[in-house]
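Colleague: The structure is given below, and queries will be raised subsequently.
The values are calculated or read from the model by the stated rules, or taken from the named source; none is laboratory data. Remember, it's a predicted structure, so these values are computed and weren't measured experimentally. Every residue, glycine among them, receives a Cβ derived from its backbone with ideal geometry; neighbour counts consider all protein chains shown.
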Protein chains: 2
Amino acid sequence: MVIVKEVGERRVIEAIRQELIFPRAPIPFGDDVSGVEIERNKVAVLKTDMLVGKTDIPHGMSFWQAGRKAVVMNVSDFAAKGVKPLAVLVSLGVPPSFLEKDVVQLARGLNVGAREYGAYILGGDTGEASDLVISCSLFGLGERRLIPLRSDARAGDVVAVTGFFGKSAAGLKLLSRGISASKSFSKVFLDAVLLPKARLKEGLALAKAKVVSGSIDSSDGLAWSLYEIAKASHVGFFIDNLPVAPEVSQFAKRNQLDPLELALYGGEEYELVLTIKPRFWKKALRIVNQVGGSLLRIGEVTEKTDMVLRWNGKTVAIEPKGWEHFKSRA
Amino acid sequence: MVIVKEVGERRVIEAIRQELIFPRAPIPFGDDVSGVEIERNKVAVLKTDMLVGKTDIPHGMSFWQAGRKAVVMNVSDFAAKGVKPLAVLVSLGVPPSFLEKDVVQLARGLNVGAREYGAYILGGDTGEASDLVISCSLFGLGERRLIPLRSDARAGDVVAVTGFFGKSAAGLKLLSRGISASKSFSKVFLDAVLLPKARLKEGLALAKAKVVSGSIDSSDGLAWSLYEIAKASHVGFFIDNLPVAPEVSQFAKRNQLDPLELALYGGEEYELVLTIKPRFWKKALRIVNQVGGSLLRIGEVTEKTDMVLRWNGKTVAIEPKGWEHFKSRA
């Protein structure tokens, strides 16, 4: 008898996938979002992702923050596909002993998360559950030819990200392990965990300009995101400029933590991981700067399907690990 | 400190509603489904509803049946609005001690539930939760002018339903209370609980013909559904032909149960509750017969906002009660 805890989330998803019959769809199963073609080149874009109190809401996160995050983590997937979210539906499972005022805070957070990115909460469902469960479903409209998939990265493409990594992992350490940091560092790390931002304006601008070949959000960690693109595109990566946040480097040094571990495998970060044809690189940089974002070149897509990191003059293998439900523990 | 168990699901939903900012939307908040206008008269129709192991999956229901039901209960809302579901997304919360083979059964049920009604499971999310949680989100396309709301019932309209009531309530009694019934009755009652059917072909045909003024599905019970239409349309009901299933009448008699209780307040039934202008009644009957369904006239919409039942020569008030999370217990 095999229990799900032993096999982990990804095998569970694969087991489920094998039971499903799929139609011809404009976006392949397993990409950040799903799509339904509604007319020539026009795609209804759908996404659902669930936040569960026990595993996904760290100690120290308020109900307002949890509600907001439940929306933002879904918006992040839309950002990776360059699609504007229009509507959000929410399934809310609430333990019966919950305070009504906490549900109100949660609803405020949901509303703010949607409004921050131009979407509205249109409806949903509420019921009783042992854990707090917040399942958000997003809807938007996209043009098929403008949606970057995970499967179109090609050897020679530049690999880029929209921000530095490791801050959320450091923040989770502050919350769960009692490790401390300076006031300004604490704020940076805790904001990354408690008030994540989706890179929607960056994703929308890049997709519209058609300068991105492959794209994914980094919610399961940078390493895992690279592996997902590698698997879908049949390529490898050579990373020579790992985007460890400067604050994370210092924090790791002082607390004898591995900065690679924090930046590569932490998860709960909502940057975009992108591959871009070299001839579009300057244009991509300009476009992201114009919307007030940043784009960091971190390496190159390779034909060889290895996952290699150059770090302090040494060559290190990037491991296929990241946040995985049933297996990971913060 | 007010806890949600004390106030019940409907007040929790109202508290949430007050925190949300709504756009101009083609379908009002609180109707069976939500809508986003995507072009003139074309509406993206969205619905999410969650099944939670502890409260919504009766003892005796298999995982295959639970997965199927999680889809069907959402399809039922689409049926009430006359919209064909195209795609389903699933957020699955699974206790870590669950068997992988049970998840596989669940996935099979999800797939069957979608395929039965012409839809496909396109994607979703899996995570760890204390309860089994199955949150399905449906997407479809509708024409605004063809979608019957809860708010357009008018005095003088015929009230009709697509089938008899009380079978699910009787089935739940068989499963939870150890009350027994004849083999053929047991099958009828258990099928109603374990293998519910959504009245999609009836709903689609009626909406297309524009013969329905008000419409809702009866998942929270017949009484509650009537109250919802009454509230949204500012009308009342005079019910003179309560559609108690003949099997339920006999079962109630033998077990000294109240047939009204079973038929009015049971919930977990997926018939459509409809209001129809008298001049369209014959056409409505013909249309539903053509698709192999049935339509039972149960009463009339009244200007007076009372809720009155004629039963065995007596006048009885229908109470505003039905299935309510946090409060109801099977």
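Colleague: Can you tell me which residues in the range B:1-28 are closer than 21 Å to B:Tyr227 by Cβ, of a type in the set (A, V, I, L, M, F, W, C), in contact with a strand residue (DSSP E or B) (Cβ under 6 Å, 6 or more places away or on another chain) and at the interface with chain A (Cβ under 8 Å from one of its Cβ atoms)?
Modeller: Correct list: B:Val12, B:Ile13.
Colleague: Checking the structure you have, find out if any residue of the range A:85-100 is farther than 30 Å from B:Val7 by Cα, more than 7 Å from chain B (Cβ to nearest Cβ) and either in a helix (DSSP H, G or I) or touching a residue at least 12 places away in the same chain (Cβ under 8 Å) (or both).
Modeller: Yes: one or more hits.
Colleague: Moving on to the next point. Every residue in the range A:252-276 that is over 23 Å from A:Lys69 (Cα atoms) and in contact with a Gly (Cβ under 8 Å, 6 or more places away or on another chain), please.
Modeller: Once the filter is applied, which keeps residues that are over 23 Å from A:Lys69 (Cα atoms) and in contact with a Gly (Cβ under 8 Å, 6 or more places away or on another chain), the range A:252-276 yields A:Ala252, A:Pro259, A:Thr275.
Colleague: Consider A:Val193 against the criteria (1) more than 14 Å from the chain's Cα centre (by Cα); (2) within 21 Å of A:Val71 (Cβ to Cβ); (3) of a type in the set (A, V, I, L, M): it satisfies all of them except one. Which criterion is unmet?
Modeller: (1)
Colleague: Okay, next question. Mind listing just one residue for me: the one in the range A:1-54 that is of a type in the set (A, V, I, L, M), assigned to a loop (DSSP other than H, G, I, E, B) and without any contact (Cβ under 8 Å) to a residue 24 or more places away in the chain and, of those, nearest to A:Ser218 (Cα to Cα)?
Modeller: Going through the qualifying residues, I end up with A:Ala25.
Colleague: A follow-up question, please. Scan (1) crowded, with 22+ Cβ neighbours inside 10 Å; (2) within 10 Å of chain A (Cβ to nearest Cβ) for the single condition B:Phe63 breaks and write down its number.
Modeller: With (1) crowded, with 22+ Cβ neighbours inside 10 Å; (2) within 10 Å of chain A (Cβ to nearest Cβ) applied to B:Phe63, the lone miss is (2).
Colleague: Can you spot a residue in the range B:66-73 that is in contact with a helix residue (DSSP H, G or I) (Cβ under 9 Å, 6 or more places away or on another chain) and either among the aromatic types (Phe, Trp, Tyr) or farther than 21 Å from B:Gly266 by Cα (or both)?
Modeller: Yes, the range B:66-73 has at least one match.
Colleague: So is A:Gly109 outside the structural domain of A:Leu262 (by TED's automatic domain parsing) and modelled with pLDDT of 95 or more or not?
Modeller: Taking the combined requirement at face value, the residue satisfies it.
Colleague: Do you know which residues across the range B:66-82 are away from chain A (no Cβ under 13 Å) and of a type in the set (A, V, I, L, M)?
Modeller: If the condition is that a residue be away from chain A (no Cβ under 13 Å) and of a type in the set (A, V, I, L, M), then B:Ala66, B:Val72, B:Val75, B:Ala79, B:Ala80 are the ones that fit.
Colleague: Name every residue in the range A:123-137 that is at pLDDT 95 or above and either farther than 17 Å from B:Glu19 by Cβ or at the interface with chain B (Cβ under 7 Å from one of its Cβ atoms) (or both), in order of residue number.
Modeller: Within the range A:123-137, A:Val133, A:Ser135, A:Ser137 qualify.
Colleague: Another one. Tell me, which residue of the range B:135-186 that is of a type in the set (S, T, N, Q) and assigned by TED's automatic domain parsing to the domain that holds B:Gly299 is surrounded by the fewest Cβ atoms within 10 Å (Cβ to Cβ)?
Modeller: Only one residue tops the list, namely B:Ser184.
Colleague: Ok, one more. Mind counting the residues in the range B:245-260 that are surrounded by 21 or more Cβ atoms within 10 Å (Cβ to Cβ) and more than 21 Å from B:Thr162 (Cα to Cα)?
Modeller: So the answer is 2.
Colleague: Select, from B:Leu309, B:Leu274, B:Leu264, B:Leu226, the only residue that is under 18 Å from the mean Cα position of the chain (by Cα), assigned to a strand (DSSP E or B), surrounded by 16 or more Cβ atoms within 10 Å (Cβ to Cβ) and modelled with pLDDT of 95 or more.
Modeller: After applying the criteria, what remains is B:Leu274.
Colleague: B:Asp125 - would you say it is touching a residue at least 24 places away in the same chain (Cβ under 8 Å), over 21 Å from the mean Cα position of the chain (by Cα), more than 30 Å from B:Tyr227 (Cα to Cα) and not in a strand (DSSP E or B)?
Modeller: no
Colleague: Can you tell me which residue among A:Ala192, A:Ala207, A:Ala198 is assigned to a loop (DSSP other than H, G, I, E, B), crowded, with 20+ Cβ neighbours inside 10 Å and touching a residue at least 40 places away in the same chain (Cβ under 8 Å)?
Modeller: From the options A:Ala192, A:Ala207, A:Ala198, the qualifying one is A:Ala198.
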